[in-house]
Structure formats: C-alpha cells, structure tokens
Amino acid sequence: MAIHDLENAFQQKIDNEIKIEPKDWMPDAYRKTNTRQISQHAHSEIVGMLPEGNWITRAPSLKRKAILIAKVQDEAGHGLYLYSAAETLGSSREQMIDELHSGKAKYSSIFNYPTLTWADMGAIGWLVDGAAILNQVMLCRTSYGPYARANVRICKEESFHQRQGFESLLVLSKGTKEQKEMCQDAINRWWWPSLMMFGPKDSESTNSDQSIKWKIKRKTNDELRRQFVNMIAEQVKLLGMTLPDPDLKYNNQTGQYDFGEINWDEFWNVVKGNGPCNEQRLQARRKAHEEGAWVREAAVAYAEKKQSRQPNEKTDAA
Ligand code: BYC
C-alpha cells in the first residue's frame with residue numbers, strides 16, 4: 001500500500017474511535033510519542049514507589065503499614081503494565097530502564113520532592129494520586145489500545161489510593177493540635193507540585209497539539225489542571241484545611257475556581273534534574289537495579305533450564 005493510503009487508513013481509525021493495535025501500521029512519530037509518554041509514565045510509577053517506600057518502616061500502626069505496603073506494590077504493578085505496553089511499540093525494557101538511569105528519560109516532577117512527615121503519605125494519596133487519576137481516566141480512552149487497557153487497570157487501583165490518602169488526612173485533621181498542623185503543612189508543601197504534574201501551560205506544551213489530534217491526549221494540560229483545582233478546592237473544606245493560594249477564589253461567572261500563578265521556573269528546574277531529590281531518586285533506582293541483577297539472571301537461567309527440560313517432561317508425561 002502506498003504511504004498516503006496507510007496514513008489515510010490510520011487517520012480513519014483514529015476518527016472512528018478504533019484503537020490502534022501493536023501490529024497495525026502507524027506513523028513513526030505516533031510510535032515515538034507513545035513510546036515517550038508510556039515509558040515516562042512507567043518510570044513515574046516506579047520512581048513514585050521511593051518517597052512512599054521511605055515511610056513503610058515508620059507507619060504509625062499495623063493497619064497503615066499494611067495499606068502503604070499494598071499501595072507501593074500496586075505502583076510496581078502499574079510500572080509493569082506500562083513497560084509491557086511500551087514494549088509492544090518495539091522498545092526493549094532494558095533500553096527504557098537505561099534511559100531512566102542515564103537521566104535521558106523524564107519521569108513525573110512530583111517525585112523529586114521529599115516526604116518529611118507521616119502526613120505526606122496522606123497528601124500524596126489525596127493530591128498526587130488525585131491528579132494522576134484525572135489524567136489516567138482520560139488516558140483510558142487514549143487511541144493506542146495497550147496503553148488504554150493498562151490505564152483501565154491502573155485507575156481501579158488508583159481510586160483506592162486516593163480515598164485512603166484522604167481518609168488518612170481526615171483522621172489527622174480531627175486529631176491533636178500537632179496532627180492538625182502536620183496535616184496543613186503537608187497540604188501546603190504538596191499543593192503546588194501537584195498542580196505542576198499536569199505539565200506546562202498549554203501555550204508552552206510542545207506535544208499537546210499533535211497528541212490531541214491523534215487522540216493520545218483527550219484534554220489539554222490546563223483543562224485537566226482546572227478540573228483538579230475545582231475538585232480539590234471543594235474537598236479541602238471537608239478536612240477543615242486550606243490550600244496555600246491567596247488567589248484561589250470561586251468565580252460565579254465561570255462556575256469554576258480561579259487560582260494563582262504556578263512557579264514555572266521551579267517546574268522546569270525540577271524537570272531538568274535540579275529538584276530537591278532528583279539525584280537521590282536516580283541513585284536509589286540505579287542501586288536497586290544493580291542489586292537486583294542476580295534476580296534477573298536467576299529468572300533467565302530458570303527459563304533456559306525449563307526449556308531444555310521440556311522434551312523429557314513430555315516423555316515422562318507419556
Ligand atoms: N514532570 O508537551 P508537554 C502516579 C515534560 S505517577 C516531568 O505538555 P505531554 C503515582 C514532557 O514530558 C503518574 N516532565 O508533554 C505513582 C515534555 O518533555 P519531552 C504519572 C514533564 O507529554 C506513584 C515537556 O515537559 N502520570 O500516578 O504532551 C505514587 C513538555 O510537556 C511534566 C503520567 O505520567 C512533569 N509533570 O504532556 C503515586 C501520565 N509535564 O517528553 C502516584 C502520562 C510535562 O517532550 N503522561 N513534562 O522531553 C501524560 O499524560 C503527559 O505526558 C503529561 C505531559 C501530561 C505529563
């Protein structure tokens with residue numbers, strides 16, 4: 001088929017809401033941008049395990065510890081679904097991991113901030129997972145089939161994550177003076193970085209236009225960010241806490257919340273690798289990868305052994 005016929009057939013599928021599947025023809029740039037986004041999403045999940053994993057040994061009760069362990073395990077699972085989805089586009093897992101470890105590939109800016117108190121676990125669940133869900137609910141309808149299906153599974157678990165975060169903060173918000181202060185302090189520190197998770201404003205977003213045409217993204221960064229502000233500005237009232245933005249105000253005319261300007265210098269600084277924990281996160285990932293080499297080698301050796309044994313097993317069975 002001539003290239004323009006392939007392009008037309010591809011565009012028709014997109015227009016008719018038919019998912020693009022791994023063996024379908026697709027433009028190189030579509031493959032590239034999906035590989036970029038899905039692998040960055042996968043990296044975010046596994047780097048995102050670090051700030052929370054940091055608190056497993058210090059969780060205040062058995063119940064909270066069990067919830068946190070389950071949540072961190074879930075993030076690892078999300079990473080696996082996403083790396084598998086990215087692999088269907090032709091990149092190997094090793095290549096993607098190398099790009100993360102060398103600093104070439106990005107991951108969400110949010111995970112380069114430190115988790116200073118127990119209340120940060122609640123704030124991450126409520127705000128960070130809350131932001132992630134809005135984005136991922138949209139991505140359940142993304143045009144690339146394996147990515148859409150991975151997001152459906154992720155969202156099921158993510159909504160539990162957000163609720164447990166909110167419930168954990170609710171308990172603190174009804175506690176002692178120190179617990180209330182800890183809760184407010186965590187909200188103050190995580191609010192602005194959570195807004196940055198949605199990416200640069202639309203006028204600065206290099207990938208959005210094309211990704212929306214290809215239905216990889218269904219909403220722009222600013223649309224999702226606004227949706228998030230509207231949702232959280234109401235939920236924070238239930239906690240009896242405030243958001244650290246003097247410009248946050250309900251606008252009767254638009255029916256939405258107006259909010260203050262994000263510190264974009266801080267955002268780009270973190271994205272470029274100079275946030276408070278960038279170096280620490282990458283070092284932890286590299287160390288875990290090196291120390292886990294024996295597990296990968298053992299798995300390969302086992303698979304080879306199993307394969308070489310197969311003919312005998314068949315004979316035995318007969
Ligand atoms: N941080 O053109 P734009 C989670 C980059 S984890 C770092 O708007 P795009 C969880 C962007 O990559 C959830 N970099 O990009 C886990 C681009 O650079 P490149 C993570 C960012 O792709 C554990 C440049 O800036 N979710 O839930 O159209 C515990 C220009 O941006 C960021 C996902 O990854 C950022 N915040 O839109 C708890 C969702 N923002 O690549 C929770 C999947 C932008 O051209 N990803 N950049 O060099 C997406 O939906 C989109 O990639 C984004 C950005 C909305 C993030």
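Which residue is nearest to His43 (Cα to Cα), if the candidates are limited to region 85-94 and must be within 15 Å of the ligand (Cβ to nearest atom) and in a helix (DSSP H, G or I)?
That would be Ala86.
Inspect region 186-199 for any residue being more than 13 Å from the ligand (Cβ to nearest atom), surrounded by fewer than 17 Cβ atoms within 10 Å (Cβ to Cβ) and touching a residue at least 24 places away in the same chain (Cβ under 8 Å) and give the result as yes or no.
Yes, the conditions are met somewhere in region 186-199.
Name the pairs whose Cβ atoms lie under 6 Å apart, with the first residue in region 129-152 and free of Cβ contacts under 8 Å to residues at least 60 places away in the same chain and over 14 Å from Lys219 (Cβ atoms), the second basic (Lys, Arg) and near the ligand (Cβ under 10 Å from one of its atoms), and 6 or more positions between them or separate chains?
As it stands, the answer is none, since no pair meets every condition given.
Would you kindly identify the helices (runs of 4 or more DSSP H) lying entirely within region 203-318 that contain at least 2 residues that are at pLDDT below 95?
293-317
Within region 162-203, how many residues are within 16 Å of the chain's Cα centre (by Cα) and of a type in the set (S, T, N, Q)?
So the count comes out to 2.
Looking at region 1-53, which of its residues are more than 16 Å from the ligand (Cβ to nearest atom), buried (at least 17 other Cβ atoms within 10 Å of the Cβ), of a type outside the set (D, E, K, R) and outside any helix (DSSP H, G or I)?
If the condition is that a residue be more than 16 Å from the ligand (Cβ to nearest atom), buried (at least 17 other Cβ atoms within 10 Å of the Cβ), of a type outside the set (D, E, K, R) and outside any helix (DSSP H, G or I), then Ile20, Met26 are the ones that fit.
Could you tell me how many of the residues in region 2-29 are hydrophobic (A, V, I, L, M, F, W, C) and free of Cβ contacts under 8 Å to residues at least 12 places away in the same chain?
3
Do we find that Gln283 is touching a helix residue (DSSP H, G or I) at 6+ places or on another chain (Cβ under 6 Å), without any contact (Cβ under 8 Å) to a residue 40 or more places away in the chain and surrounded by 10 or more Cβ atoms within 10 Å (Cβ to Cβ) in this structure?
no
Tell me, which residue of region 54-71 that is more than 8 Å from the ligand (Cβ to nearest atom), assigned to a helix (DSSP H, G or I) and surrounded by 18 or more Cβ atoms within 10 Å (Cβ to Cβ) is nearest to the chain's Cα centre (by Cα)?
Ranking the candidates gives Leu68 first.
Results for (1) surrounded by fewer than 19 Cβ atoms within 10 Å (Cβ to Cβ); (2) part of a loop (DSSP other than H, G, I, E, B); (3) within 11 Å of the ligand (Cβ to nearest atom), shown as yes or no for each residue.
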| residue | (1), (2), (3) |
| --- | --- |
| Tyr81 | no, no, no |
| Met96 | no, no, no |
| Lys104 | yes, yes, yes |
| Tyr107 | no, yes, yes |
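Filtering region 163-183 down to residues that are surrounded by 22 or more Cβ atoms within 10 Å (Cβ to Cβ) and without any contact (Cβ under 8 Å) to a residue 60 or more places away in the chain, which residue is farthest from Gln136 (Cα to Cα)?
The qualifying residue farthest from Gln136 (Cα to Cα) is Leu172.
Kindly indicate the residue of region 112-137 that is part of a loop (DSSP other than H, G, I, E, B) and either touching a strand residue (DSSP E or B) at 6+ places or on another chain (Cβ under 7 Å) or β-branched (Val, Ile, Thr) (or both) and also nearest to the ligand (Cβ to nearest atom) among those meeting that condition.
Ranking the qualifying residues of region 112-137, first place goes to Thr115.
The values are calculated or read from the model by the stated rules, or taken from the named source; none is laboratory data. Predicted, not measured: the structure shown is a model, and the values here were computed from it. No Cβ is skipped: glycine too gets one built from the backbone with ideal geometry, and neighbour counts run over all protein chains shown.
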